[in-house]
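First the structure, then my questions, so here it is.
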Amino acid sequence: MDRSLFDTLPDTSGAANFSIERILYSQGLMAVAGCDEVGRGPLAGPVVAASVILPQDCNPAIFLDSKKISHKRRTELFALLHELNAVIGVGIVDEKKIDQINILQASLLAMKIAVEELATKGTAPDYLLVDGKFEIPHPVSQQALIKGESKSASIAAASIIAKITRDRIMDDFHKKYPVYQFHKHKGYPTKAHREAIAEHGPCPIHRRSFKGVKK
């Protein structure tokens, strides 16, 4: 990676997307984690969530909503988060569980799993910033933020981890079920994906409760 692409020095700009975290740390909290998920809309595959505690001495301004940056940039930032020793947890809930409990509950469960994984890395968070309207089923104090990726670098970092992780899972599923071209659309309901379902029927990773899959 070309390290000149990134400013990894301490944040001296007062980046707006770390202001919430900065306030929380000033109140004596020790580990603020951002939480986000990807994969609510696809017709196939899991929903994947991530929870990230950014080092306080990194520059948070470089971490942006994964939907607003290129795949190349996401990949670079994914690698950088690991190089910076950010504390990262990942939660994955598969299509069968999604069909059982619905996609909203599966998304919240995936984030809960991601948060719980942080403790296994040695850092249990004492506050959560959660993307969306709903808090996750976890006893840690938390705040739900609509469009949280644009308000919190920690949430944006989580969105990057979740997106790259899920994309790689769907790339692997393409190798197993190549007729659906999962490596191209990642399970989202594109025209080509819908046509493949119509021609071949659903495969084992399709969400049977979703319109466009169920008959």
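The values are calculated or read from the model by the stated rules, or taken from the named source; none is laboratory data. Quick caveat, the model's predicted, so the values are computed rather than measured. Cβ coordinates were reconstructed from backbone atoms using ideal geometry, including for glycine residues, and neighbour counts include every protein chain displayed. What goes into the accessible areas is simple: the full protein's heavy atoms, side chains included, and nothing from ligands, DNA or RNA. Shrake-Rupley method; radii C 1.70, N 1.55, O 1.52, S 1.80 Å.
Considering only residues that are farther than 21 Å from GLN142 by Cα, within 16 Å of the chain's Cα centre (by Cα) and open to solvent by 60 Å² or more (accessible area, probe 1.4 Å), which ones fall in the stretch 93-123?
The answer is ASP94, and nothing else.
Select, from SER209, SER150, SER141, the only residue that is closer than 30 Å to ALA61 by Cα and out of contact with any strand residue (DSSP E or B) (no Cβ under 9 Å at 6 or more places or on another chain).
Going through SER209, SER150, SER141 in turn, just one is closer than 30 Å to ALA61 by Cα and out of contact with any strand residue (DSSP E or B) (no Cβ under 9 Å at 6 or more places or on another chain): SER150.
Ok, one more. Is at least one residue of the stretch 55-68 closer than 20 Å to LYS112 by Cβ, among the acidic types (Asp, Glu) and either open to solvent by less than 30 Å² (accessible area, probe 1.4 Å) or touching a Ser or Thr at 6+ places or on another chain (Cβ under 9 Å) (or both)?
no
Any chance the stretch 89-98 includes a residue that's basic (Lys, Arg) and at pLDDT 95 or above?
The answer is yes; a qualifying residue exists.
In the stretch 195-215, which residues are open to solvent by 80 Å² or more (accessible area, probe 1.4 Å) and without any contact (Cβ under 8 Å) to a residue 24 or more places away in the chain?
Within the stretch 195-215, GLU195, ALA198, GLU199, HIS200, LYS211, LYS214, LYS215 qualify.
Restricting to the stretch 185-215, and then to whatever is of a type in the set (Lys, Arg) and at pLDDT 95 or above, can you tell me which residue is nearest to the chain's Cα centre (by Cα)?
Looking at the filtered set, the residue picked out is LYS186.
Pick from LEU43, LEU77, LEU84, LEU104: which is of a type in the set (A, V, I, L, M), at pLDDT 95 or above and farther than 26 Å from HIS183 by Cβ?
Testing whether each residue is of a type in the set (A, V, I, L, M), at pLDDT 95 or above and farther than 26 Å from HIS183 by Cβ leaves just LEU104.
Could you count how many residues in the stretch 108-133 are hydrophobic (A, V, I, L, M, F, W, C) and out of contact with any strand residue (DSSP E or B) (no Cβ under 6 Å at 6 or more places or on another chain)?
3
Within the stretch 148-166, can one find any residue that is free of Cβ contacts under 8 Å to residues at least 40 places away in the same chain and not polar (S, T, N, Q)?
Checking the stretch 148-166: not a single residue is free of Cβ contacts under 8 Å to residues at least 40 places away in the same chain and not polar (S, T, N, Q).
Oh, and also: Being polar (S, T, N, Q) and closer than 13 Å to CYS35 by Cβ is the filter; apply it to the stretch 142-194 and report the residue that is surrounded by the fewest Cβ atoms within 10 Å (Cβ to Cβ).
By that ranking, first place goes to GLN143.
Can you tell me which residues in the stretch 35-71 are within 30 Å of ILE197 (Cβ to Cβ) and either in contact with a Leu (Cβ under 7 Å, 6 or more places away or on another chain) or among the charged types (D, E, K, R) (or both)?
Hits for the stretch 35-71 are ASP36, GLU37, ARG40, ASP65, LYS67, LYS68.
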